[in-house]
Amino acid sequence: MTNETKSQTAELRLDGRTIALPVLEDNAGCRALDIRGLWKEAQVYTYDPGFGCTVSCQSAISHVDGEKGRLLYRGYPVEVLTEHCTFVEVAYLLIHGALPTHAQAERFSALLNRHSMIHEDMRTFFRRYPERAHPMAVLSAMVVSLSSFYPEVEQADEDIDIAATRLLSKLRTIAAFSYKKSIGEPIIQPSYKLSYCANFLNMMFNSPVEDYTVDPVLVRAMNQLLILHADHGQNCSTSTVRMVGSSGANLYASVCAGICALWGPLHGGANQEVIEMLSGIQREGGSVDQAIAQAKDKTNPRRLMGFGHRIYKTFDPRAAIVKKICREIMTRVGAKDPLLDIAMELEAKALADPYFAERKLYPNVDFYTGIAYRAMGFPTDMFTVLFALGRLPGWIAQWQELKRDPHQRIGRPQQLYTGPAHSTFRPIDQRA
Ligand code: CMC
C-alpha cells in the first residue's frame with residue numbers, strides 16, 4: 001500500500017479558496033496527488049487525455065522505471081527471471097505473488113496439462129471463421145466464449161488457480177489451433193509429455209506427415225520472449241482488463257477486452273507493423289532514411305514502429321534482451337534475415353538523429369521481437385497473438401488484484417462536454 005507522506009500536502013488555490021490535497025508516495029518514491037475528494041471539495045475535475053499523469057490504482061505486480069530502463073516483476077529484475085525461470089514459473093509469480101516451490105510448480109504444471117484441451121464444441125467454431133481471419137479476432141472471440149463453456153467463472157469463490165490455469169493453458173491451444181486453421185492443416189492436440197512452451201511449439205509446427213522435434217534452444221527462447229511480455233504496469237490492455245473487470249465482468253470477458261486493446265498498432269500490434277515497415281524498406285531498395293524522414297514529418301501519419309514508449313525515456317530493457325535472443329535463435333536455426341540488418345541500421349540512424357534523441361525515443365520491446373518470431377517460423381499475423389500469450393499472466397494477476405482492492409470502484413472517467421448546450425427538437429418531416 002502507498003503511504004500518505006506526513007510532511008507533504010499540495011495546495012490548490014481556486015475561487016479564492018485553498019484546497020489541501022494529500023500527497024501519496026509509493027515504494028519506488030513516485031508521488032501522486034490524492035484528488036479523490038476534489039469534486040466534492042471544489043467542484044473541479046482533472047483533465048488528462050491518455051491518462052499520462054493519472055494513477056488509476058495501487059499495484060504490487062510490476063514496476064517500470066522509465067528513467068533508468070528497469071522492469072521488475074514482484075521485485076525481481078526481468079533480466080534475472082528471463083535467465084533463470086520458465087514462463088510458467090513467472091506466471092505463477094505474477095498470479096500468486098511468489099516464485100513457486102517444486103511442489104507448487106508441479107501442481108501448477110499438472111493443472112496446466114489438465115486444462116489444455118478445448119471443449120469439442122468450441123473446436124467446431126474454428127471451421128466457421130473465414131480462412132484469412134486475423135488470429136487476434138479468433139483469439140478474442142474464443143476467449144470470451146470460454147465463459148459460456150465454464151460458467152463457474154461467474155462464481156466469486158471459484159478457485160483462481162483453476163480459472164487462471166484454464167485460461168493460460170487454453171489460450172495457448174486456441175492460438176495454435178487458429179494458426180493451423182489459417183493454413184488449412186489439421187490441428188495438433190496438446191500433450192501431457194511436453195512443457196508449456198514445448199507444447200505450444202509442437203502444436204504450431206508439428207504435422208501428421210512430417211515429424212517435428214521440439215528444439216530445446218527454441219523452447220528456451222520462447223520462454224524468454226513470453227516472460228518479457230508478462231506484465232508492464234497499467235498499459236493500455238491491462239487498464240482495459242481492469243476497466244472491464246471493474247464493472248463486475250468475469251475474467252474471460254475482461255481478458256477478451258484486453259486482447260482487443262492489445263491488437264492496436266500503437267500497442268501489441270506494433271510487432272507486426274515493425275516487420276511490415278522493415279519489409280517495405282527492403283522492397284523499396286533498403287533505404288532506411290526515407291522511413292526516418294516519414295516518421296519525423298508531422299504531416300505524415302507514419303511513425304517509426306517499434307520506437308518510443310510512454311514510460312521509457314531510455315532503452316526499453318526488454319528490447320536489449322530480445323536483440324540478444326534474436327541472435328541466439330538465428331545462430332541455432334542457421335538463418336540470416338536481411339530484415340535484421342535493416343533493423344540495426346534503422347536503430348543506429350534513429351538513435352543518432354536529434355529528432356529521436358530530443359524526444360527520448362528508443363527501440364521498444366516490439367522492435368526486435370518480430371525478427372525473433374520470424375526466425376522461429378511464426379507468420380507475421382501471429383506475432384501479436386504471442387504478445388497476448390505472454391501478457392496473459394499479467395492480465396490475470398491484475399484482474400485478481402483489482403477484485404481484492406478495497407479502493408476499487410467501477411471505472412468511470414469524466415469528460416469536458418463540447419456539444420451544443422441546447423438543440424431544438426423537430427419532428428422527422430420538418431428536418432432539413
Ligand atoms: N516515431 C516518430 N515520432 C514519434 C514516435 C515514433 N515511433 N513515438 C513518439 N513520437 C513523437 C511524437 O510525434 C511526439 O512528437 P511531438 O512532441 O513533436 O509532438 C513525441 O514523440 C511524443 O510522442 P507521444 O505520441 O506524445 O507519446 P505517447 O507516449 O503518447 O506514445 C507510443 C507512445 C508508444 C504510442 C508512441 O511512441 C508510438 O506510437 N510508437 C510507435 C508504436 C509502437 O512501437 N508501439 C509499441 C509500444 S511498446 C509495446 C507496448 O507496450 O505495446
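The values are calculated or read from the model by the stated rules, or taken from the named source; none is laboratory data. Please read these numbers as outputs of a predicted model, since none were measured by experiment. Here the Cβ positions follow ideal geometry from the backbone for every residue, glycine too, while neighbour counts run over all protein chains shown. Remember, those area values only see protein heavy atoms, side chains included, never the ligands or the DNA or RNA. Shrake-Rupley method; radii C 1.70, N 1.55, O 1.52, S 1.80 Å.
Assorted remarks:
- Protection proxy ranking for 372-381, 10-19, 236-245, 177-186, using the average of other Cβ atoms within 10 Å per residue and placing the highest first: 236-245, 372-381, 177-186, 10-19.
- Other residues whose C-beta falls under 13 angstrom from the C-beta of GLU41 contribute a net charge of +1, scoring Lys and Arg +1 and Asp and Glu -1.
- For the listed peptides 259-266, 406-413, a ranking on the average number of other beta carbons within 10 Å per residue, highest first, reads 259-266, 406-413.
- In a DSSP loop and with at most 15 other Cβ atoms within 10 Å, the trypsin sites (Lys or Arg not before Pro) in the range 23-116 are ARG36, LYS68.
- Taking all protein chains together and a 1.4 Å probe, the residues THR54, THR314, THR213 rank THR213, THR54, THR314 from largest to smallest accessible area.
- Gain upon complete extension [THR380, ARG426; 0.36 nm per residue less C-alpha separation]: 11.3 nm
- Here LYS298 is the anchor, and the lysines within straight C-alpha reach of less than 22 Å, apart from those fewer than 8 places off in the same chain, are LYS313, LYS349, LYS360.
- Heavy atoms of LEU361 accessible to a 1.4 Å probe, total area in Å² rounded to 10: 40 Å²
- When the surface is traced with a 1.4 Å probe over the full set of protein chains, SER109 keeps roughly 50 Å² accessible.
- Helical mean residue ellipticity (222 nm; -39500 (n - 2.57) per DSSP H run of 4+; nearest 500) of the chain: -16000 deg cm²/dmol
- Applying a threshold of 22 Å to the alpha-carbon distances of LYS181/LYS336; LYS170/LYS336; LYS68/LYS324; LYS68/LYS403 flags LYS181/LYS336; LYS170/LYS336; LYS68/LYS403 as lying beyond it.
- Computed from Cα positions, the angle between helix 251-263 and the longest principal axis of the chain comes to roughly 90 degrees.
- Within the range 31-89, the GluC sites (Glu not before Pro) that combine a DSSP coil assignment with at most 16 other C-beta atoms in a 10 angstrom radius are GLU67.
- Folded to 0 to 90 degrees: helix 196-205 orientation relative to the chain principal axis, Cα: 60 degrees
- Residue among GLN224, ILE311, HIS84 farthest towards the positive dipole end of the chain, charges placed on Cβ: ILE311
- Span from the the range 301-344 Cα centroid across to the the range 374-422 one, whole angstrom: 24 Å
- Relative contact order of the chain, pairs being alpha-carbon contacts under 8 Å that are 6 or more residues apart, as %: 19 percent
- When you restrict to C-alpha pairs under 8 Å that are six or more residues apart and normalise by the size of the range 3-55, the relative contact order lands at 25 percent.
- When all protein chains stay in place and ligands, DNA and RNA are ignored, the 1.4 Å accessible-area order of SER145, SER59, largest first, is SER59, SER145.
- The angle between the Cα long axis of helix 270-283 and the longest principal axis of the Cα atoms of the chain comes to about 60 degrees, rounded to the nearest 10.
- Sorting the segments 393-400, 219-226, 303-310 by their mean number of nearby beta carbons within 10 angstrom, highest to lowest, gives 393-400, 219-226, 303-310.
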